[in-house]
Amino acid sequence: MSYWTYINGIVTVHPMGRTQPEKRYILETVLNHLPRVTGSEGDMNTYIIQKNGYNSSCSCDEFGEVTNNLTDRYGYKSRNRGWLQTQNEYILVVNAALRDREFEQTYREFMKWFVRLCKRVGCEDVLVEIKGYDKSTVIKDRNIQKEKYSWKSVFDGLFEDPSWCNNNKNGYKEPNWCEFMMWDRAKDSNYPMTLAYKYFNDEENDKEVERRMNYR
């Protein structure tokens, strides 16, 4: 007889990114590099659902430019009325029927997967049930038991701030895992350094890009 464990639930996540495609790419890459939650006949499945609508908008594109490629409220491209609209929230649905696993094994593997996820993308609205033949538990949001941070979830507190938001007093700024997927901006510009090198005459930027290109 085989032992089975089951996982069912949802997690709302907030991946970094300046555009919708960039957010999706970062989220999918994060999921592809998380530890496995395993069974002898297959691993846990994760499904991505982008929330409807948008919760962020800007009158310029990701390069800081006002262009005629932005869309207005009626769906038409317009330089004067166009907006870059993005939805920052995705719902992850987790589902698994894991054969030849007991509760403790699956719980350990899921929590390792989940903690890594929380470190790399912001997580909230967590509701996940893990069941074995003799035991079960529900993982859900729980507020931090400190008055100063009582509005924050314990899972939200796991998120590792990107280096540009890190105010470490010792000056050390460890990057968030996702930062390698985001291009570096040119100094005093929203353009990527390599595009600024291609299009603009900026001696300081040119030297830095050439230094990086020659780095082996």
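Which length gain, in nm to one decimal place, applies between Met181 and Thr194 when the Cα-Cα distance is subtracted from 0.36 nm times their residue separation?
3.2 nm
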Along the charge dipole of segment 1-154, which of Thr67, Thr5, Leu31 sits closest to the positive end, that is, farthest toward it, with unit charges on the beta carbon of Lys, Arg, Asp and Glu (+1, +1, -1, -1)? Thr67
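Which entries of Lys51/Lys112; Lys51/Lys187; Lys77/Lys207; Lys23/Lys131; Lys112/Lys187; Lys51/Lys198 have Cα-Cα distances beyond 30 Å here?
Over 30 Å apart, Cα to Cα: Lys51/Lys187; Lys77/Lys207; Lys23/Lys131; Lys112/Lys187; Lys51/Lys198.
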Straight-line reach from Lys119: which aspartates and glutamates have Cα under 17 Å away, leaving out those fewer than 8 places along the same chain? Glu28, Glu89, Glu109, Asp141, Asp156, Glu160, Asp161, Glu174, Glu179
Relative contact order as a percentage, the chain, C-alpha pairs under 8 Å and 6+ apart, gives 24
Looking at the chain as a GNM with Cα springs under 10 Å, which of Gly53, Gly39, Gly82 has the largest mean-square fluctuation? Gly53
If I model a spin label as a point 7 Å beyond the Cα along the Cα-Cβ vector, how far apart are those points for Arg81 and Ser57 in nm? 1.2
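Rule-based calculations on the coordinates, nothing more; no lab input. Here the structure is a predicted model, which means the values were calculated and not measured. Cβ coordinates were reconstructed from backbone atoms using ideal geometry, including for glycine residues, and neighbour counts include every protein chain displayed.
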